[in-house]
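Trainee: Got a structure here, written out as structure tokens. Questions coming.
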Amino acid sequence: MIRAVKGTRDILPPASAVWNKVEAAARRVFALYNYAEIRTPIFEETSLFARGVGEETDIVSKEMYTFEDRDGGSLTLRPENTASVLRAYIEHRLDQNPGVQKLYYMGPMFRRERPQKGRYRQFYQIGAEAIGSDSPAVDAEVIEMVVHLLQETGIHDSELLINSVGSKESRVKYNAVLREKLAELAPKLCEDCQRRALTNPLRVLDCKVPEDQPIIETLPSILEYLDDADRSHFRRVREFLDDRGIKYRVKPRLVRGLDYYARTTFEITHGGLGAQNAVLGGGRYDGLAESLGSKVAAPGIGFSIGEDRLVMTVEELQAAAVEPLDIYLAPIGENALRHGAILAGDLRRIGASVEVGTDHKLKRMLELANKLNARYTLILGDNEIVTQTYGLKDMASGGQESLTRQQILERFRTYEAAKS
């Protein structure tokens, strides 16, 4: 038997209903903040991610799915989407549009990492980018939107962590100090950190190996090496968050896993996700557009939510129960089935969810209606067709009443209006 490839899985009902609810909640929140959807290809030229994400990151050096195209070019399944959005922004000259460009996306990403709870090799992200401003007010609004989005999905007991990794100039000074400290400490760290200590010292701070954490905690804080402009920017971001009443904790060693971050970085964690407990992360990436070939400055900030992990949290909190079926229509006989199909169409047009039975044996259909968690069963037989009255059975109470076709339509029209 052929099975799903390791690190991938099928999203089946009723779980798929939770995914739809999470995505619908995200779309509602994005609309409130004036974000519009962008859809980029799932594969790009490999150089886009090597230049955008960083050649020394684990994503580029270990985890990308890269293949040679028939014309000899190198293509990669997207491991993240910010670089793709910036590529589209540059290619289609979105800088010519008025104001900050606010874009959101949803879709699959691909990384060949070790599968664990909430992490897959084909995984899904919900993300957004605000491009065209370096204002700390934009940073705070993006973080506010993220908090709003999580609350909309029923997640309230999460923790917001923030930091500043400074501008390129600040990081040059900090990296020099960090490299000096790591020359002594690197031999005590994991193999990856020993390599990072030489190639990109800042990446050491992003290490997830538990045994390395006590050593990493002894390293100097980047906040001590911010220049005046970076320090002022970070202070103003915190002031804007304080004004909104958004609680946060400054985590000086929060750097995220991608090279393009500058100044503000943030994560939101939730305790129900095990050791790797980040639900989402993001930050500012001033300079990324220029590194990808933009002729004009395009400072920006964005985030991505691990949708797999977000859905898992929502399911565990039981914050998105699957909607029960409104009506199970139980036709007894072929004539009733034809008649019922028309009635089902009328009910669906007013917003009721309907499943039409095909068994023709009432007992079996009532059993199935129970298993499908139907609120009502509508019974149709030859007599009901002749009299144009139907038996509507309340599956919770067991009570049954006879209603005309018009009465049924009015009942569910009112019912669906109340639900919405």
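Trainee: Within segment 189-207, is there a residue that is more than 24 Å from K62 (Cα to Cα), in contact (Cβ under 8 Å) with a residue 40 or more places away in the chain and assigned to a helix (DSSP H, G or I)?
Mentor: no
Trainee: Those residues that are exposed (fewer than 12 other Cβ atoms within 10 Å of the Cβ) and among the polar types (S, T, N, Q), I need them from segment 182-196; list them, please.
Mentor: Across segment 182-196, there are no qualifying residues.
Trainee: Now a separate question. Please state which one of I143, I126, I155 is in a helix (DSSP H, G or I) and more than 19 Å from L219 (Cβ to Cβ).
Mentor: Working: I126 fails: in a helix (DSSP H, G or I); I155 fails: in a helix (DSSP H, G or I).
Going through I143, I126, I155 in turn, just one is in a helix (DSSP H, G or I) and more than 19 Å from L219 (Cβ to Cβ): I143.
Trainee: How many of the residues making up segment 205-217 are within 18 Å of G283 (Cβ to Cβ) and either touching a Gly at 6+ places or on another chain (Cβ under 8 Å) or modelled with pLDDT of 85 or more (or both)?
Mentor: Here the count works out to 1.
To keep it simple, each residue is scored yes or no on (1) at pLDDT below 90; (2) outside any helix (DSSP H, G or I).
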site: A275; (1), (2): yes, yes
site: A298; (1), (2): no, yes
site: G302; (1), (2): no, yes
site: M312; (1), (2): yes, no
site: A321; (1), (2): yes, yes
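Trainee: Take segment 323-349 and flag every residue that is open to solvent by less than 40 Å² (accessible area, probe 1.4 Å) and either part of a loop (DSSP other than H, G, I, E, B) or within 30 Å of H270 (Cβ to Cβ) (or both).
Mentor: Hits for segment 323-349 are P324, G333.
Trainee: Within segment 245-266, how many residues turn out to be modelled with pLDDT of 85 or more and open to solvent by less than 20 Å² (accessible area, probe 1.4 Å)?
Mentor: 5
Trainee: Which pairs have Cβ atoms under 8 Å, sit 6 or more apart or on different chains, and link a residue in segment 24-46 that is under 12 Å from V85 (Cβ atoms) to one that is open to solvent by less than 70 Å² (accessible area, probe 1.4 Å) and in a loop (DSSP other than H, G, I, E, B)?
Mentor: T40/R78; T40/N81; P41/R78; E44/R78
Trainee: Limited to segment 357-397, what total is found for residues that are open to solvent by less than 40 Å² (accessible area, probe 1.4 Å), assigned to a loop (DSSP other than H, G, I, E, B) and over 15 Å from L337 (Cβ atoms)?
Mentor: Counting residues in segment 357-397 that are open to solvent by less than 40 Å² (accessible area, probe 1.4 Å), assigned to a loop (DSSP other than H, G, I, E, B) and over 15 Å from L337 (Cβ atoms) gives 1.
Trainee: Tell me, yes or no, whether segment 218-226 has at least one residue that is under 18 Å from Y285 (Cβ atoms) and within 32 Å of the chain's Cα centre (by Cα).
Mentor: The answer is yes, given that some residue of segment 218-226 is under 18 Å from Y285 (Cβ atoms) and within 32 Å of the chain's Cα centre (by Cα).
Trainee: Here's another thing I want to ask about it. Name the residues in segment 93-128 that are over 12 Å from K6 (Cα atoms), over 16 Å from the mean Cα position of the chain (by Cα) and polar (S, T, N, Q), would you?
Mentor: Within segment 93-128, Q96, N97, Q101 qualify.
Trainee: Could you check, for segment 209-218, whether at least one of its residues is under 30 Å from W19 (Cβ atoms) and out of contact with any helix residue (DSSP H, G or I) (no Cβ under 7 Å at 6 or more places or on another chain)?
Mentor: Within segment 209-218, not a single residue is under 30 Å from W19 (Cβ atoms) and out of contact with any helix residue (DSSP H, G or I) (no Cβ under 7 Å at 6 or more places or on another chain).
The values are calculated or read from the model by the stated rules, or taken from the named source; none is laboratory data. No experiment lies behind these values; they were computed from the predicted model shown. Backbone-built Cβ (ideal geometry, glycine too); neighbour counts: all protein chains shown. These accessible areas exclude ligands, DNA and RNA; they are computed on the full protein's heavy atoms, side chains included. Shrake-Rupley method; radii C 1.70, N 1.55, O 1.52, S 1.80 Å.
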